[in-house]
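Participant: Pasting a structure below so you can have a look.
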Amino acid sequence: MNCKSLACITALFSVGLVVAQEPQSSIKKIQSDKALEEVIVTARRRAESLQDTPIAVSYIGADELKNRSIQNIAELTKSIPSFEIKSGGDNNIFMRGIGQQVSPLRVDSSVGFYLDDLYLPRSDGQLLDAVDIRGVQVLRGPQGTLFGKNNTGGAVILNIEKPSFEEGGYISAGYGSYNRRTLKAAYNQPLSDSLAVRGSVNYVKDDGYMELVGDAAHESNASSDDRHSVLLQAAWSGEESSVDAMLFYSKMRERADAFNCEVTNEGSLFSGDDLALMWPGDTDPANRHAYLDNCRVNSRDNVGDLKSMPGANPGFDLDRDALMLGLTFQRRLGESLDFKAVLGAIDGREGPLGRPNDGGPEDFSEVPLPRVSDRESQSLEFQISGESFAGRMQYTAGAFYSAEKNNEPFVLMNTVLGIEPATLAKVGAGSVGVNISEPFDVSLIPADVPLVGPFVGYILLDQEFELDNKTAALYAQVSYDLTENLQLTIGGRYTSEKRSSKLTTLPTDLDAVATILTLHPLFGPEVEGTGLHPYLGPGGWRDDPVRIAHDLFKDKNGDGIADPPMDYDGQTVDTASDYFSKATAMVSLSYQLPDSWLSPGSIDSAMLYGTLSQGFKSGFFEPKGIDGLQRIEPEKVLNTELGGKFEFLDRSLRLNIAAYSMTFKDRQLLQVDLDSANNLAVVFTNAAEAKIEGYEIELMWMLNRNISINFGHSNNRYRYTDFTDLDLFELALRGKQVPLDRTSERFPVAPERTASMGVQYATDNRHGRFTARVDAAYKSDTYYGFDRFAYPAFEQDVERAGDKAYTLFDLRLAWQNPEGDLEVAFYAKNLTDHRYVEIGAASGDATGVFSQTYGRPRWLGLEVTKQF
């Protein structure tokens, strides 16, 4: 079945209703016994019914996670409206179009991630495996009052199973495609009437589904999983107090996602006629093709399906370790007053990782992480909550503090290039690098015959970024029942962040590079009486001189990073420190329709709400090549939202809707830029203002004892209303800052329409319980560009800078024994084996290429779970 449109999902929804339909009288009779379970959430930092919470929040519990065969929280993007998680190691989270394309340590996520009450500054994927999970709450829209910090897009709350006073546990083992092995287990043990402990383990490993070819054919497959984790918990409870302690350790030894490449713009700065650059492999100045050939050779059409040609040293090893400690203390201070303290500490490390800019096997333009980076954070939160006025007023107030230290090494790596003297003169000799021909009579060289040297930036720029970030906040939120049905909620938060950053930059020694080149026989003294270099023969170039010059500085120690001489005397240290502060507020009015207005059995409950809320995400300092640290302003969001939550047919059908309009100012947006030495840099900047408008629908229907349906849909419009960029060509060629209007562009990574549908059938007999479920998830076309030339390419042909609309289908069949302690399940994910882009990066201005990694192909598996 080829289903690529929203209409397909809607049609499937309609078919599901028709197939499942029964006479109305029998439905009512059965539904009165099988109403949907009440869902309790903590979206307002207190336990309350989902249907009474005036927030756009989705909840998926442990049973639903299992029935949908969700093994990683990233898979929730197939079920929850306006919610995207792009994996590939970083797990970048987007909500209603707000998020980051990449997540270097200096940048906070726009969507907060929480383990129960504990704020996690980095969602690196270790806790995203759905093991020992009680449920997941996804709060959409800015949560700028009650939660941690930096929640301009929303928040994800991961609730784990807590120790209980019943002995028992489970073990689950699985095997699937690409030799995938999984093991999940948990055991709960009470030690006394007041103390219980719980331990759980998780193991996931497979061989990877992307085959490496070419010079990397000897390496194991990329796009693999290899994660191990242990979670230990203890819970003590007394008459007035309780303590929960958690220790989590994880180890990741995966192979990062491999990539393919497509040409986005043949006239880019690196491949077009403006600079007329000659790359290794170019031997004819009139026919330059090496840069684009490097991309095309790694295209899916050339290498084949699920294959990648990344070069000899791709650097795909993704090594991460994390140790996390959490401690929560609660005490009842009075009949209606509670106190809570939450302490957290995280220590982590990440190993080296290769990241290409050029999209192909050559070392033309790379941004590897050359060394181990360390990260540590601590957080402390105090909170009081309670009620007064005979329960008409509920309140929560608190203080939050966090401290984070990170270091992140990274390298900007370029190659030696060829450039024509006429172009060099046009852009200004020396302004794009070193002119190694200076000792010779350049005027005697024909104007159309290129020179050789590091003309665009340094061969290597080795940088180390250190961040010391401290955050303090005070917050309060009060809900007051104005009448029996009308509730007013007001909240406020003041956040202050101090960001101290240090950037150490070690550049290439360009004088030493020039000496090495001129000592080489091919680039040595001029041929006597001609004024020509030895590489200039009667017919022009010979012997691929750029390749020969490039190989003089290529990787010598096998770490995938070039080894030119470095200028240790020219090493610089740049520091910056500042406070980023903001007061944010929210006000919400909700109205529960009176019972007298409703019709029991037809309309059982109805709540309408309106919310005005603000969001704030701290600014930071961005490294930009040799130009040091640049200030990036904070993000600010103003959200206006109207919603409704309804239950029908004896509470067997639940419908939640939300419509919103958000003004998004100073969005922290990733783009391609150049520093003053013309080093290519992928950096953050601020897009002045954007508008987000849309609506979301969630529906769950228990048609009868056997059949249930869930449906979700989002429709969003993302547009910049004020976004001025700089013309990269003018900046590189003439050093001029010429503004460009980019207000017509869409948001990257965020599809404007999503839809999902799941139909589940379950039946019991003397042989046990049989469950069958099919899920479909639709996403409209998605843009993955960074700069101004990528978007016209996307509009002309989506696949040049994005991905076409698609629908994925998942299937799960399960049998449970009559005793209910043994389950055997078969699952199939991406049933139609569709190819879709999981992560993409398209640059039209500088590189002109689109690197993309593909999501998982068809994946089959079997799981056996035993309760004990």
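The values are calculated or read from the model by the stated rules, or taken from the named source; none is laboratory data. Here the structure is a predicted model, which means the values were calculated and not measured. We place every Cβ from the backbone using ideal geometry, glycine too, and count neighbours over all the protein chains shown. The area values use the complete protein model at the heavy-atom level, side chains included, leaving out ligands, DNA and RNA. Shrake-Rupley method; radii C 1.70, N 1.55, O 1.52, S 1.80 Å.
Participant: Mind checking which residues of the stretch 304-335 are modelled with pLDDT of 90 or more and assigned to a loop (DSSP other than H, G, I, E, B)?
Facilitator: Of everything in the stretch 304-335, those that are modelled with pLDDT of 90 or more and assigned to a loop (DSSP other than H, G, I, E, B) turn out to be Gly304, Asp305, Leu306, Met309, Pro310.
Participant: Quick one: what pairs do we get from the stretch 73-87, first residue touching a residue at least 12 places away in the same chain (Cβ under 8 Å), second among the basic types (Lys, Arg), C-beta under 7 Å, 6+ apart or different chains?
Facilitator: If the second residue must be among the basic types (Lys, Arg), the pairs left are Ser79/Arg68; Ser82/Arg96; Ser82/Arg140.
Participant: Determine which member of the set Glu362, Glu387 is assigned to a strand (DSSP E or B) and surrounded by 15 or more Cβ atoms within 10 Å (Cβ to Cβ). First the steps, then the outcome.
Facilitator: On the way: Glu362 fails: assigned to a strand (DSSP E or B).
After applying the criteria, what remains is Glu387.
Participant: Here's a check for you: in the stretch 462-502, which residue that is surrounded by fewer than 18 Cβ atoms within 10 Å (Cβ to Cβ) and of a type in the set (A, V, I, L, M, F, W, C) is nearest to Gly354 (Cα to Cα)?
Facilitator: Ala472
Participant: Residues of the stretch 603-640 being open to solvent by less than 50 Å² (accessible area, probe 1.4 Å) and over 27 Å from Arg44 (Cβ atoms), which ones? Step through it out loud before you land on a result.
Facilitator: From the stretch 603-640, those open to solvent by less than 50 Å² (accessible area, probe 1.4 Å) are 604-607, 609-611, 613, 615-625, 628-629, 632, 634-635, 637, 639; that's our starting set.
Of everything in the stretch 603-640, those that are open to solvent by less than 50 Å² (accessible area, probe 1.4 Å) and over 27 Å from Arg44 (Cβ atoms) turn out to be Gly619, Phe620, Phe621, Glu622, Pro623, Lys624, Gly625, Gly628, Leu629, Ile632.
Participant: Here's something else I'd like to know. Which of the residues that make up the stretch 292-303 are touching a residue at least 40 places away in the same chain (Cβ under 8 Å) and open to solvent by less than 40 Å² (accessible area, probe 1.4 Å)?
Facilitator: Leu292, Asn294, Cys295, Asn298, Val303
Participant: Restricting attention to the stretch 390-421, and to residues there that are of a type in the set (A, V, I, L, M, F, W, C) and not in a strand (DSSP E or B), which single residue is surrounded by the fewest Cβ atoms within 10 Å (Cβ to Cβ)?
Facilitator: Restricting attention to the stretch 390-421, the residues satisfying the condition of being of a type in the set (A, V, I, L, M, F, W, C) are 390, 393, 397, 399-400, 403, 410-413, 416-417, 419.
Next, from what is left, pick out any that are not in a strand (DSSP E or B): 390, 416.
Numbers: Ala390: 8, Val416: 29.
Per the criteria, the residue is Ala390.
Participant: Something else about it: Please work out which one of (1) without any contact (Cβ under 8 Å) to a residue 40 or more places away in the chain; (2) farther than 20 Å from Ala155 by Cβ; (3) touching a Leu at 6+ places or on another chain (Cβ under 7 Å) is the condition Pro623 fails and give its number.
Facilitator: (1)
Participant: What number of residues in the stretch 197-214 are over 29 Å from Lys307 (Cα atoms), in contact with a Lys or Arg (Cβ under 8 Å, 6 or more places away or on another chain) and aliphatic (A, V, I, L, M)?
Facilitator: The number of residues fulfilling the criteria is 1.
Participant: Next up: So which residues in the stretch 742-781 are among the hydroxyl-bearing types (Ser, Thr, Tyr) and assigned to a loop (DSSP other than H, G, I, E, B), if there are any at all? Give the derivation first.
Facilitator: Narrowing the stretch 742-781 to residues among the hydroxyl-bearing types (Ser, Thr, Tyr): 743-744, 754, 756, 761, 763, 771, 778, 780.
Within the stretch 742-781, Thr743, Ser744, Ser780 qualify.
Participant: Scan the stretch 651-673 residue by residue and report those that are basic (Lys, Arg), buried (at least 22 other Cβ atoms within 10 Å of the Cβ) and not in a strand (DSSP E or B). Show your work before the answer.
Facilitator: Here is the first cut: in the stretch 651-673, the residues basic (Lys, Arg) are 651, 654, 665, 667.
Right, trim to buried (at least 22 other Cβ atoms within 10 Å of the Cβ) and you get 654, 667.
Passing the criteria: none in range.
Participant: While we're looking at this one, here's another question. Considering the stretch 322-343 alone, what residues qualify as being open to solvent by less than 30 Å² (accessible area, probe 1.4 Å) and closer than 25 Å to Ser402 by Cα? Break it down into steps so the answer makes sense when it comes.
Facilitator: At the first step, the residues of the stretch 322-343 found to be open to solvent by less than 30 Å² (accessible area, probe 1.4 Å) are 322, 324, 326, 328, 334, 341-342.
Answer for the stretch 322-343, where residues must be open to solvent by less than 30 Å² (accessible area, probe 1.4 Å) and closer than 25 Å to Ser402 by Cα: Ala322, Met324, Gly326, Thr328, Ala341, Val342.
Participant: A further question on this structure: For the stretch 170-213, what are the residues that are surrounded by fewer than 17 Cβ atoms within 10 Å (Cβ to Cβ), small (Gly, Ala, Ser) and either within 23 Å of Asp132 (Cα to Cα) or out of contact with any strand residue (DSSP E or B) (no Cβ under 7 Å at 6 or more places or on another chain) (or both)?
Facilitator: Selection gives Ala173, Ser192, Ser194.
Participant: Counting only residues that are among the acidic types (Asp, Glu) and more than 28 Å from Gly712 (Cβ to Cβ), how many does the stretch 767-794 have? Steps first, answer last, please.
Facilitator: The initial filter retains those residues of the stretch 767-794 that are among the acidic types (Asp, Glu), namely 775, 781, 787.
Now restrict to residues that are more than 28 Å from Gly712 (Cβ to Cβ): 787.
Total satisfying the criteria: 1.
Participant: Condition (residue is open to solvent by 40 Å² or more (accessible area, probe 1.4 Å), assigned to a strand (DSSP E or B), touching a strand residue (DSSP E or B) at 6+ places or on another chain (Cβ under 7 Å) and free of Cβ contacts under 8 Å to residues at least 40 places away in the same chain) applied to the stretch 674-686: is it met by at least one residue?
Facilitator: No, that holds for no residue.
Participant: Now, a different point. Applying the selection to the stretch 179-201, what residues are within 19 Å of Ala245 (Cβ to Cβ), under 28 Å from the mean Cα position of the chain (by Cα) and not β-branched (Val, Ile, Thr)?
Facilitator: Kept after step one, since they are within 19 Å of Ala245 (Cβ to Cβ), are these residues of the stretch 179-201: 186-201.
Subset that is under 28 Å from the mean Cα position of the chain (by Cα): 200-201.
Hit for the stretch 179-201 is Ser200, nothing else.
Participant: How many residues are open to solvent by 30 Å² or more (accessible area, probe 1.4 Å) and assigned to a loop (DSSP other than H, G, I, E, B) when one looks only at the stretch 837-867?
Facilitator: Within the stretch 837-867, residues that are open to solvent by 30 Å² or more (accessible area, probe 1.4 Å) and assigned to a loop (DSSP other than H, G, I, E, B) number 2.
Participant: Please go through the stretch 344-370 and pick out each residue that is among the aliphatic types (A, V, I, L, M), within 23 Å of Asn678 (Cβ to Cβ) and free of Cβ contacts under 8 Å to residues at least 60 places away in the same chain. Talk me through it step by step, then tell me what you get.
Facilitator: Start the filter on the stretch 344-370 by keeping residues that are among the aliphatic types (A, V, I, L, M), which leaves 345-346, 353, 367, 369.
Cutting the leftovers down to within 23 Å of Asn678 (Cβ to Cβ) gives us 367, 369.
Of everything in the stretch 344-370, just one residue is among the aliphatic types (A, V, I, L, M), within 23 Å of Asn678 (Cβ to Cβ) and free of Cβ contacts under 8 Å to residues at least 60 places away in the same chain, namely Leu369.
Participant: So if I check each of Asp225, Asp244, which one is under 30 Å from Asn302 (Cα atoms), at pLDDT 90 or above and of a type in the set (Asp, Glu)?
Facilitator: Asp225
Participant: If I go through the stretch 63-75 residue by residue, how many of them are farther than 18 Å from Gly174 by Cα and over 23 Å from the mean Cα position of the chain (by Cα)?
Facilitator: Residues flagged as farther than 18 Å from Gly174 by Cα and over 23 Å from the mean Cα position of the chain (by Cα) within the stretch 63-75 amount to 1.
Participant: So, Leu593, is that one more than 35 Å from the chain's Cα centre (by Cα) and not hydroxyl-bearing (Ser, Thr, Tyr) or not? Let's see the steps before the verdict.
Facilitator: Working: more than 35 Å from the chain's Cα centre (by Cα): yes; not hydroxyl-bearing (Ser, Thr, Tyr): yes.
So Leu593 fits the description; yes.
Participant: Would you check which residues across the stretch 254-277 are modelled with pLDDT of 90 or more, open to solvent by less than 10 Å² (accessible area, probe 1.4 Å) and in contact with a helix residue (DSSP H, G or I) (Cβ under 6 Å, 6 or more places away or on another chain) and list them?
Facilitator: Asn260, Cys261, Thr264
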